[in-house]
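To start, the structure itself, in structure tokens.
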Amino acid sequence: MIQDNKIFDLINKERKRQTVGIELIASENFVSENVLNACGSVLTNKYAEGYPEKRYYGGCEVVDEIETLAIERAKKLFGAEYANVQPHSGSQANASVFHAFLNPGDKLLGFDLSHGGHLTHGSSVNFSGKIYKSSFYGVERESGLLNYENILKIAKKEKPNMIIAGASAYSRDINFEKFREIADEVGAFLLADISHPSGLIAKKFLSDPMPHCHVVTTTTHKTLRGARGGLIMIGKDYENPFGLKFKNGNLKMMSKLVDLAVFPGNQGGPLEHVIAAKAIGFGEALDDSFYNYIERVKNNASTMCNEFISRGYNVVSNGTDNHLMLIDLRNKNITGKDAESALVKADITANKNMVPYDDKSPFITSGIRFGTPAITTRGLVESDIKNVVEMIDKVILNHDNESVLNEVKKDVNQMMSDRPLFNP
Ligand code: DSN
């Protein structure tokens, strides 16, 4: 075997970075050793284009069993009637849903990226904004909240073929029932992208999109704490889900469209090692211990949010219902970019983020996003969270003072020194 010390040294360096620091990127988490081992297993050697029992390659008996288990567990976890576990990522999952139910040039209505949406919800720099005609809804300037009457007005004006309900930096619960009313009123297909809060939704800490949305997509690695990848689900058997366009739609027909859109429409061979790891992650999320984890994620986020507010930080929407918060730093006279890089010097990782009605570019930004899924997995409890906010505050107030940043870094490393990287 050829030794590749270069890469393995770098992997060890990254393991150390993850171990010593405080991870606050809202979309990241730490998987279990079982998930990690499946990702690095011999399943990576296998080609399995197609679906269980309908493959284009021989020798798929074992991966068929694995993929079937992954599908069954995903369905049980979310109460879905159908699941496709092959999407390589959340973006691929969304691309496949568009491919299944839209034609190029059709209209999408999504959550504005700069207000907390996602690139694949119609952004002009993404395929979703290039292949489809996109328009956007956002949050209100004063409250930082979605206003469903405004969304209805925009939907009536834009007449989208598809509405996407979902976000990557919105800290409030989303009313999928209201979105469905809006979609029905304008005859649009409704997609829920729950990539961020899917762990909270699975354990019923937030509104459930499954009874209301035609299709639901999620990533599997954020609050869900599984392998990196995507998932597409359908919640129930719709008699006539698409208005005039697909008059005879039902679950069988819809799931066939999604299956064909994922493969061969959008992807080639599935990553069966990742699908096995997804199955393990779904199994862990079905366990009662995951409920306790998600409850701690939510409580930690709410404690963090209150601590920031009490220190004079401007939290967009003035609170959080989920695992994350978006902070507008303009009253602290620091950009998101500078805050992110000062925090990294203190071994605290977060990401700069546009805030609603931002006056700065996406490369600079006025905001920063924090989330608690990863630090909760590391075992941080509410009393630790207060210390974390104190450390962040110190960094932000002293962002150009290297010796303060070094002091904070020592405190960060000390705090994380006895916290295992793997989830229990
Ligand atoms: N939008 C990324 C995030 O929320 O971090 C994931 O695509």
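Odds and ends about this structure:
Okay, residues lined up against (1) within 16 Å of the ligand (Cβ to nearest atom); (2) open to solvent by less than 40 Å² (accessible area, probe 1.4 Å); (3) within 22 Å of the chain's Cα centre (by Cα); (4) closer than 30 Å to Thr349 by Cα:
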{"residue": "Lys13", "(1), (2), (3), (4)": "no, no, no, yes"}
{"residue": "Lys16", "(1), (2), (3), (4)": "no, no, no, yes"}
{"residue": "Val31", "(1), (2), (3), (4)": "no, yes, yes, yes"}
{"residue": "Cys39", "(1), (2), (3), (4)": "no, no, yes, yes"}
{"residue": "Thr44", "(1), (2), (3), (4)": "no, no, no, no"}
{"residue": "Arg73", "(1), (2), (3), (4)": "no, no, yes, no"}
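- The set of residues in segment 28-59 that are more than 29 Å from Lys256 (Cβ to Cβ) and touching a strand residue (DSSP E or B) at 6+ places or on another chain (Cβ under 9 Å) comprises Glu28, Asn29, Phe30.
- Of the residues making up segment 301-331, those that are over 15 Å from Arg369 (Cβ atoms), in a helix (DSSP H, G or I) and open to solvent by less than 50 Å² (accessible area, probe 1.4 Å) are Ser302, Thr303, Glu307.
- Residue in segment 195-204 that is crowded, with 19+ Cβ neighbours inside 10 Å, within 26 Å of Ser302 (Cβ to Cβ) and of a type in the set (Lys, Arg) present: yes
- Residues of segment 365-424 classified as among the β-branched types (Val, Ile, Thr), touching a residue at least 40 places away in the same chain (Cβ under 8 Å) and in a helix (DSSP H, G or I), total: 11
- Residues of segment 316-364 satisfying the condition of being within 13 Å of the ligand (Cβ to nearest atom) and touching a Gly at 6+ places or on another chain (Cβ under 7 Å): His323, Leu324, Leu326, Thr349, Lys352, Asn353, Met354
- Check on Lys352, at negative phi, part of a strand (DSSP E or B) and open to solvent by 10 Å² or more (accessible area, probe 1.4 Å): yes
- Gly367 being more than 16 Å from the ligand (Cβ to nearest atom) and either out of contact with any helix residue (DSSP H, G or I) (no Cβ under 9 Å at 6 or more places or on another chain) or at pLDDT 95 or above (or both): no
- Residue check, Lys130 away from the ligand (no atom under 16 Å from the Cβ), in contact (Cβ under 8 Å) with a residue 60 or more places away in the chain, among the basic types (Lys, Arg) and open to solvent by 20 Å² or more (accessible area, probe 1.4 Å): no
The values are calculated or read from the model by the stated rules, or taken from the named source; none is laboratory data. For clarity, every value in this text was computed on a predicted model and none was experimentally measured. Because the Cβ atoms are built from the backbone with ideal geometry, glycine has one as well, and the counts that use them run over all protein chains shown. Calculation scope for accessible area: heavy atoms of the full protein, side chains included, ligands and nucleic acids excluded. Shrake-Rupley method; radii C 1.70, N 1.55, O 1.52, S 1.80 Å.
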